[in-house]
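Below is one structure. I have some questions about it.
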Amino acid sequence: MQNKLSILPILIQVQLVSWCPMLRISRLSDCAPDEYYVRLLLLLLALLLGLPAPAQADELLIERGLSGVVINKQIAAASDATAQLSWSQILAEPQHFIPASGRCGVGLGSGAQWLRLDFRRAETEYSAPWWLVVEPFSLYDLRLYRRNALGEFEEITSGERVPFKAGREREWRQYAFVLPEHGPVYLRAYDPGCASFPVTLWHEDDLEFHEHLGELLLGGIYGGLLVMCLYNLFMALSLRDSVYGWHVMTTLALGALLVYLHGHAAQWWWREEPHWLVMGRIVLPSLWGLTLAGFIMSFFRTRTYLPNTHRLLQIIMLSYLLIIAMRVASLHELPSLVLTGLALPVAALVLYITIRRWYQGMTSARYFLVAYILLLAGITLLLLSLCGWLIPNRLTELAIPMTATLASLVFSLALTGRIKSLRNASKAAFIDELTGLPNRRALEQRFKLYTESEADHGFSLLSVDLDKFKPVNDQWGHAEGDQVLCALTRRMQACVRQEDLVARVGGDEFAVLLSPSASTGIVTAVIKRLLEAVRAPVHVGTRSHRLSASVGLAHYPTHGRSLAELSRHADLAMYEAKRAGGNTWREVMEAT
C-alpha cells in the first residue's frame, strides 16, 4: 500500500512536468514530510484546475490498408536541440514525446529529432514481411532502435555519413528497415541543414511495386534530361554558340543534383565514399548555380544590354566558386551559410534580368521567365517538404525532377529563337545591307565553290562600275542616290541567270560571277543586257537620272587562280573601258 501511494504523486509529477518544465522537482519521496504534503497538495490542485496532460500518440494497428501511408500523424516526436541526448537518456524521459501531428521535417539548425512508433500487428499481418521506410531528400545521420530476437533494443546506423550498404537493409536508394514483430521502434533523425523524416510503412509486395515504379519514373526523367543535353551539345558544336554550351553544362549540373537528391548518387556513384556524398550537398547546388549564372549572362547578353547586372552575375559566379573551394577544403558551416544567403538575392536578380530584357524587346525572355518560374515552384515544394510543411507523396517527390525537366525543355524552346537569329545574322554577314545583293564575302564563298567543284572548267568574272553616279549623290543627296543604286541593282539581277551571282563590292562597284556553264556567247549577251539596263533612265519622284556602266571581263584560270588576282585583271579591263568613254566593256586579253 505504501508503494502504491508513493507511486501516485510521481505519476502526477511526470504528467505535469511534461506539460510545464517549471514544475520539475526532485523525487517527492526524498522531501521532508511537511514539504512532501505541500508539494503533493500543489500538484493535486493543479490537476484539479484542469491542467492538460500531454497528448500521447495512439498505438498503431498494422494492417494491409496501411501499406504505403505516411504515418507521421500516428507517431510521437521529441526534439533534441543540442543533438547530444543519447539513446538511454531519451528512453529514460518518455515525457518528452508528444504527437508528431504529421510533421515530416524541421528547419535549418533544429537539432536532432526523435520519433517513437508504438504499434501492434493485426492477426493477419503477424508474420507478414513489413518494412519501415524513411524517404528524405537528404539526411546526414539516421539511427533506428528496434527489438531483436532476444527482446533487446539494437541500434542501426544509417544516413549519408555511412557507406550505402552498411546503412540499408534493402538495395534501394531510400532507407528501408525490416519492421519487427513488436514495438516500439525509435528513430533519430539529424541533419545540420533541414532534417526531413517522412516515415512510411510498406508491405513487401507493395514496396516492390512502389520501388520499381519510382525507378521507372525517375529513369524517364533522367533520360529526358540526357536527350536534351545531347541535342543541345549537337547544336553547340554545329553553331559554335556558347549559349548552347552553357545550357548543356547547366542541364548536366541540374541532372547531377537531382540524382543526389533522390538517393541515386549514394547508390550509383559513392557507395563506399560517404564523404563525397556529404560534400555533394554543397558542391552540386553551387555547381548548378555557377553554370546557370553563366547561361544567363550568355543568353541575355548582359555584358552589352545590362552591364551593371553583368558585374553582379560575375560576383555571384565567383561566390559559387568560392563556396565550392571552401567545401573542398573541408569547411562546413561557412559555405552552407553563404550558399543559403545567396538563394533569394540570386532568384530576385534573375527575375529582374528576365523582365528587363523582355521590356527591351527580347521575345525569348518570355520563355525563359516561364521556365524559371517552373524551377522556383519546384524548389519551393522541395523546401516545404524539407521543413515538414508538406506531407510527402508521389507528386511532391517528383515535383523537383518534373519541373526541372519542363524548365530545361522550355529553355531549349527559348533557344530555338536564337537559332533563327543566328541564321539571320549568318545570312546578314553575306548580304549587302542597302541593296540586298550578296557582298564580297558571298562572292569569295561562291568563287571558292566554283574552284573546288569545277576545277577542270573555266568561268568568268565581270567588274562593273557605274558612270556618272557621283553627281547624283553630290547634287541630290545620298538618300536619292541610294534609291537610284537600288533600282539599278534590281535591273542587273534581272540580266543574269539564276546560277550567276551579282555582288556589290563597293559604293558604286559591282562584280558579276558567271557560272562555269556560261559559254562565250552567254557571257557576251549578259554584258550587253547589263549595259542596256543601266542606260535606261531611272525615275525618282519627278526627276529622271541617266547613267551608264563600264564593264571589265576576266577569265579563270587564264587571268588568275585567286579571286584577288582575277578581280585585279577584271578591274584593269574595266578602267580601260572607262578610258574609252564608258558605256562599254573590255576583256583582258592576257595576264599581265
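Can you give the extra length, in nm with one decimal, that the chain gains between Tyr352 and Gln445 once fully stretched, where that is 0.36 nm per residue apart less the Cα-Cα distance?
Details: separation 93, 0.36 × 93 = 33.48 nm, distance 4.31 nm.
Result for the pair: 29.2 nm of gain on full extension.
Could you state the accessible area per residue of the stretch 215-420 in Å², with a 1.4 Å probe and every protein chain left in place?
Details: 9910 Å² over 206 residues.
Per-residue accessible area for the stretch 215-420 comes out at 48 Å².
So, one more: Per residue of the chain, what 222 nm ellipticity follows from adding -39500 (n - 2.57) for every DSSP H run with n ≥ 4, rounded to the nearest 500?
On the way: 16 runs with 305 residues, N = 592.
So the helix-based figure for the chain works out to -17500 deg cm²/dmol.
Testing the spin-label approximation: label points 7 Å from Cα along Cα→Cβ at Trp269 and Leu150. State their distance in nm.
Result for the modelled spin labels: 4.2 nm.
Testing the spin-label approximation: label points 7 Å from Cα along Cα→Cβ at Ala325 and Ile373. State their distance in nm.
Going from the Ala325 label point to the Ile373 one covers 3.8 nm.
Lysine pairs, Cα distance under 30 Å, 8 or more residues apart or cross-chain: how many in the chain?
Lysine pairs meeting the criterion: 11.
Taking the Cα-to-Cβ direction at Glu181 and at Leu337 and moving 7 Å from each Cα, how far apart do the two end points lie in nm?
So the two model labels end up 5.3 nm from each other.
Taking the Cα centre as origin and putting +1 on Lys and Arg beta-carbons and -1 on Asp and Glu beta-carbons, what dipole magnitude results for the stretch 60-207, to the nearest 20 debye? Kindly include the intermediate steps, with their values, before the conclusion.
Values: 15 positive and 19 negative charges, 50 e Å.
That gives the stretch 60-207 a dipole magnitude of about 240 debye.
Using +1 at the Cβ of each Lys and Arg and -1 at the Cβ of each Asp and Glu in the stretch 95-236, identify which of Met228, Gln174, Pro99 lies farthest towards the dipole's positive end.
It is Pro99.
In whole angstrom, and with the biggest value first, how far do the Cα coordinates of the chain range along each principal axis?
So the extents along the principal axes, rounded to whole Å, are 140, 48, 43.
Note down the accessible area of Ser238, probe 1.4 Å, to the nearest 10 Å².
70
Provide the FRET efficiency to the nearest 0.05 for the Glu59-Phe209 pair, computing r from the beta carbons and using R0 = 25 Å. Walk me through the numbers on the way to the answer.
Values: r = 28 Å, r/R0 = 1.12.
The computed FRET efficiency comes out at 0.35.
Using a Förster distance of 41 angstrom, determine the FRET efficiency expected from the C-beta separation of Arg568 and Ile315, and round it to 0.05.
Details: r = 54 Å, r/R0 = 1.32.
The value I calculate is 0.15.
Something else: Using 0.36 nm times the number of residues separating Trp276 and Ala81, minus their current alpha carbon distance, what extension gain do you get? Write down the numbers at each step before the final one.
On the way: separation 195, 0.36 × 195 = 70.20 nm, distance 2.69 nm.
Computed gain between Trp276 and Ala81 is 67.5 nm.
Probe 1.4 Å, all protein chains in place: accessible area of Tyr244 in Å², nearest 10?
That residue has around 0 Å² of solvent-accessible surface.
Same structure again: Take the alpha-carbon centre of the stretch 533-576, take the same for the stretch 486-522, and report the distance between them in whole Å.
Rounded to whole Å, the Cα centres lie 9 Å apart.
I'd like the accessible area for Asp571: 1.4 Å probe, protein heavy atoms, all chains in place, Å² to the nearest 10.
Only protein atoms counted, so the area is about 50 Å².
The values are calculated or read from the model by the stated rules, or taken from the named source; none is laboratory data. Just so we're clear, the structure is a prediction, and the values are computed from it rather than from any experiment. For neighbour counting, all protein chains shown are included, and Cβ atoms are generated from backbone atoms with ideal geometry for every residue, glycine included. Keep in mind that these areas ignore ligands, DNA and RNA; they rest on the heavy atoms of the full protein, side chains included. Shrake-Rupley method; radii C 1.70, N 1.55, O 1.52, S 1.80 Å.
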